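The values are calculated or read from the model by the stated rules, or taken from the named source; none is laboratory data. Owing to the predicted nature of the structure, the values given are computational and were not obtained by experimental measurement. Note that we place each Cβ from the backbone using ideal geometry, even for glycine, and neighbour counts take in every protein chain shown. Ligands, DNA and RNA are excluded from the accessible area calculation, which covers all protein heavy atoms including side chains. Shrake-Rupley method; radii C 1.70, N 1.55, O 1.52, S 1.80 Å.
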Amino acid sequence: MNYKIAVIPGDGIGPEVIAQTTRVLDEVGKKYGHTFDFTEVLAGGCAIDAVGECLPKETVDICRQSDAVLLGAVGGPKWDDMPGKERPEMALLGLRGQLGLFANLRPAMLFEELADACPLKPELVSGGLDIVVVRELTGGIYFGEKGIKETEKGTAAYDVEEYSEMEVRRIAKVAFDMAMKRGRKVTSVDKANVLESSRLWRRVVTEVSKDYPEVELNHFYVDNAAMQLVRGPKQFDVIVTSNIFGDILSDEASQVTGSIGMLPSASLATGNFGMYEPVHGSAPDIAGQDIANPMATILSAAMMLRYSFGLLEEADAIEAAVKKVLADGHRTADIAKDGEDVIGTARCGDLIVAAIQG
Ligand code: IPM
Ligand code: MG
């Protein structure tokens, strides 16, 4: 098969980690008889520099005409002083909104080989961690009404948290479907003791759960969920939550695994279309030095093969290749301990390509 992939290298280390990822995909294509057509497009700070806006219409059009989108990272200090609406990060929100990417899957897993990078006591994580945060991505406070107004108390600013039944139902279904393929447990996170939007969230998630009798559902308030993630992370399988709670809890969950530089993500629309990117950011301080870890982006490509293209064996092959490189003792600087073999970005790509060739 032939697949069209829109590629957004972006800023900072984005282009370097993307370069290794397209190499890995080409190798997978060669081995399994597929071709991947990459079309590079601009978004983020580099788009601001080149054409004066962070998300050119051409980028969105090409993404829409593609089977999936692969993104490196956007943003950097160069654009930090720009007004909120023009910042590189707005490209992400624009892509999510305009491409209808309502379901954000953020797996937080502990790589056995990197277990001692986990900041929690070994007994809390023995046997490994495998959590997926399913974050609603196109609603809630990120996309609600916002504004600035003059009041008696001076200037005030507001952002509205609003969810419809439809929005909650569709993300809940994604979470329950995912749980059916995993540990059959969904934890829904809200703040229903305070927020009306959370009470609706909880009611709709509970309704959806009736269609999944094999899946255990529990509800946590977000403050308790944040605490439980460090107190007993093994109790979680699938966590489903709103846009802003998911933003916060997915960072926490990834840090709990100790391998934030290793974690991929998928942002899915209805159907098979999705955008795939590493959880880490553009890391401008290490850009251009061939030291960034490309594994999170390469693992994001594996998610793309699995979720958008249904190429399960090929996705497994990428994940196995990454694990082999780790098992062989190779480490990029971010995950290396004293005495370990430190490799650069391109060398890491070489080793993963070689592992795929087998
Ligand atoms: C994320 C990021 C983004 C978000 C920012 C950069 C807009 O933190 O993807 O988690 O808040 O969604
Ligand atoms: Mg975030």
Collect the residues in region 233-244 that are polar (S, T, N, Q) and in a loop (DSSP other than H, G, I, E, B), keeping them in residue-number order. SER242
Hits in region 246-274 - residues which are among the polar types (S, T, N, Q) and within 12 Å of ligand 1 (Cβ to nearest atom): SER250, SER254, SER265, SER267
Would you point out which residue out of LEU114, LEU110 is over 22 Å from ASN218 (Cα atoms), in contact with a Cys (Cβ under 9 Å, 6 or more places away or on another chain) and surrounded by 12 or more Cβ atoms within 10 Å (Cβ to Cβ)? LEU110
Identify the single condition in (1) more than 12 Å from ligand 1 (Cβ to nearest atom); (2) modelled with pLDDT of 95 or more; (3) open to solvent by 30 Å² or more (accessible area, probe 1.4 Å) that GLU86 does not satisfy, given that it satisfies every other one. (2)
Looking at the structure I just gave you, is ASN243 within 16 Å of ligand 1 (Cβ to nearest atom) and at pLDDT 95 or above? yes
Which is of a type in the set (Lys, Arg) and free of Cβ contacts under 8 Å to residues at least 12 places away in the same chain, of LYS78, LYS121? LYS121
List every residue pair whose Cβ atoms lie under 9 Å apart, where the two residues are 6 or more positions apart in sequence or sit on different chains, the first residue falls within region 133-151 and is acidic (Asp, Glu), and the second residue, located anywhere, is surrounded by 12 or more Cβ atoms within 10 Å (Cβ to Cβ) and assigned to a loop (DSSP other than H, G, I, E, B). GLU136/PHE102; GLU136/TYR163; GLU136/SER242; GLU145/VAL160; GLU145/GLU162
Of these, LEU217, LEU200, which one is free of Cβ contacts under 8 Å to residues at least 60 places away in the same chain, part of a strand (DSSP E or B) and open to solvent by less than 50 Å² (accessible area, probe 1.4 Å)? LEU217
What pairs come up if the first residue lies in region 7-35 and is aromatic (Phe, Trp, Tyr), the second is modelled with pLDDT of 95 or more, and their beta carbons are under 6 Å apart, counting only those six or more places apart or on different chains? TYR32/GLU314
Quick check: anything in region 229-237 within 13 Å of ligand 1 (Cβ to nearest atom) and open to solvent by less than 20 Å² (accessible area, probe 1.4 Å)? no
Checked region 165-191 for anything within 13 Å of VAL132 (Cβ to Cβ), open to solvent by 10 Å² or more (accessible area, probe 1.4 Å) and touching a helix residue (DSSP H, G or I) at 6+ places or on another chain (Cβ under 9 Å); matches are LYS185
For region 270-303, how many residues meet the condition of being free of Cβ contacts under 8 Å to residues at least 60 places away in the same chain and polar (S, T, N, Q)? 1
Quick one: in region 142-157, which of the residues that are more than 27 Å from the chain's Cα centre (by Cα) and open to solvent by 50 Å² or more (accessible area, probe 1.4 Å) is nearest to THR187 (Cα to Cα)? ALA157
Just the residues that are out of contact with any strand residue (DSSP E or B) (no Cβ under 9 Å at 6 or more places or on another chain) and either polar (S, T, N, Q) or open to solvent by less than 20 Å² (accessible area, probe 1.4 Å) (or both), please, taken from region 41-63. CYS54, PRO56, VAL60
Identify, by number, the condition in (1) within 16 Å of ligand 2 (Cβ to nearest atom); (2) in contact (Cβ under 8 Å) with a residue 24 or more places away in the chain that ILE260 doesn't meet. (2)
With region 127-175 as the region, which strands (runs of 3 or more DSSP E) entirely inside it contain at least 1 residues that are within 20 Å of VAL279 (Cα to Cα) and in contact with an Asp or Glu (Cβ under 7 Å, 6 or more places away or on another chain)? 130-136
Evaluation of GLY128 against (1) surrounded by 13 or more Cβ atoms within 10 Å (Cβ to Cβ); (2) within 25 Å of THR206 (Cβ to Cβ) (one fails), failing number: (2)
Wholly inside region 245-358, strands (runs of 3 or more DSSP E) that include 3 or more residues that are at negative phi and open to solvent by 40 Å² or more (accessible area, probe 1.4 Å) are none
